[in-house]
Amino acid sequence: MKIILKQDIAKLGFVNDIINVKNGYARNYLIPQGYAIQATSQNEKILAEVLKQKAHKAEKILNEAQEIAKSIEEVSLTIGAKIGTSGKIFGSVNAMQIADALKSQANIEIDRKKIVVDSDKVKEAGEYTATVNLHREVKASIKFEVVAE
């Protein structure tokens, strides 16, 4: 079934994307939850008009995201953590700690939900990278180092 997404859904698509999904998934989950509408010809015409009106705004947002991405990639963060005698961290470093470090060290405010740590779990001291999804077309890499406090 062809549907039009009304909001971003991880591993499925972004707002206003027209995608094909299984009928049951659309009818039983996406449409009743308000995440999507059926892609009829009338809904597709409405979507085309809305997209035309948003084109200028989207270009401005894309340029801002690219500027933020340039400033993020120039930054190298240092995150302090409590480390045991074996060199492992108590707990792990997550997206929230990276977002806080970005705000305090580089004065860049990013929502923690947009940060994805590339390694599964950061549990040892060392250098790592994380990816920031600023826009559907713009992703930036953050290099961060975990050190002992």
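Quick look at the numbers
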| read-out | value |
| --- | --- |
| Directionally averaged projected area (convex hull, Cα atoms, the chain), nm² | 11.0 |
| Over 29 Å (Cα to Cα) - which of Lys45/Lys113; Lys45/Lys70; Lys103/Lys139; Lys57/Lys121 fall in this group | Lys45/Lys113; Lys45/Lys70; Lys57/Lys121 |
| Only Lys, Arg (+1) and Asp, Glu (-1) charged, at Cβ; the chain dipole about Cα centre in debye | 720 |
| Label point distance in nm, Lys70-Asp120, each placed 7 Å from Cα along Cα→Cβ | 3.8 |
| Volume in Å³ per residue [convex hull over Cα atoms, computed for segment 68-148] | 78 |
| Cβ-based net charge around Lys123, under 15 Å, with every Lys or Arg adding one and every Asp or Glu removing one | -2 |
| For Ala55, net neighbour charge (Lys/Arg +1, Asp/Glu -1) across residues whose Cβ lies under 15 Å away | +2 |
| Segment 2-61, Cα convex hull volume normalised per residue, Å³ | 83 |
| Cα-based reach from Lys123 at 20 Å (exclusive), listing aspartates and glutamates while leaving out same-chain residues under 8 positions away | Asp100, Glu145, Glu149 |
| For segment 15-30, 3J(HN,Hα) per residue [Karplus equation, 6.51 cos²θ - 1.76 cosθ + 1.60, θ = phi - 60°, Hz, x = Gly/Pro] | 4, 6, 7, 9, 10, 9, 9, 5, 4, x, 4, 5, 6, 9, 10, 5 |
| 0 to 90° range, to nearest 10: angle between helix 41-73 axis and the chain longest Cα axis | 20 |
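Laboratory data are not the source of any read-out in this text; all were calculated from the coordinates shown. Predicted model, so just to flag it, every value in this text is computed and none were measured. Cβ sites come from the backbone with ideal geometry, for glycine too, and all protein chains shown count toward neighbours.
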